[in-house]
Amino acid sequence: MEITTTRSGDFLVLALAGRLDANWCQTVQDAVTAAIRAGEHRIRLDMTAVPYVSSAGLRVLLTAYKQLRAIKGAFAVGPSSPEARSVLELAGLEMLLAPATGNSVTGSAGFQPAPSSTSPSSASAPPPVAEPPPATHVSLRATSELHTLTAPSDSGL
């Protein structure tokens, strides 16, 4: 894992190159923690050169997000490789992905808040009634197995 530090506007950018797996996650966590201790409150990870993200890597990203959220900072991942982006999306962590355009990311999750759609003139009007979704039937079946492993009693251990 190679980590290159640059600045983009008011964000500290940590560009990662290599696999974000159990072998390297502590290195990345240490780099993020050191940046926060040095006074950085806005950090973005550039993961364009990260071909693989493991569950340990996801934990590092969530920890960084929570550390910065606790101090009212901002954290975002982006740009990222297609593989890293896919893992974040499959894990339900797309909130960490920076917008695809521009470097302007704000807020604790790294995103600009959505503009309000209400205006003073429409505040008195009732909201439109939505059509109920069509009825669907979902059938789920779960199975489980229990395996008990025992060691021989005279194994010599």
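Assorted remarks:
- Residues whose amide H lies under 5 Å from that of Glu40, counting only those 5 or more places away or on a different chain, are absent; hydrogens are built 1.01 Å from N in the peptide plane.
- Backbone geometry of the stretch 65-72 corresponds, through the Karplus equation with coefficients 6.51, -1.76 and 1.60 at θ = phi - 60°, to 3J(HN,Hα) couplings of 4, 5, 4, 6, 5, 5, 10, 6 Hz, x marking Gly and Pro.
- The fewest-to-most ranking of Met1, Met47, Met95 by surrounding Cβ atoms within 10 Å reads Met95, Met1, Met47.
- In a reduced charge model with +1 at each Lys and Arg Cβ and -1 at each Asp and Glu Cβ, the stretch 2-96 shows a dipole moment near 340 debye about its Cα centre.
- Phi angles of the stretch 7-21 translate, via the Karplus equation with coefficients 6.51, -1.76, 1.60 and θ = phi - 60°, into HN-Hα couplings of 10, 10, x, 9, 9, 7, 10, 9, 8, 9, 9, x, 7, 9, 10 Hz per residue; Gly and Pro are given as x.
- Exposure proxy ranking, count of Cβ atoms within 10 Å, fewest first, for Tyr65, Tyr52: Tyr52, Tyr65
Quick note: the coordinates plus some simple rules give every number you see, no bench work behind them. No experiment lies behind these values; they were computed from the predicted model shown. Cβ sites come from the backbone with ideal geometry, for glycine too, and all protein chains shown count toward neighbours.
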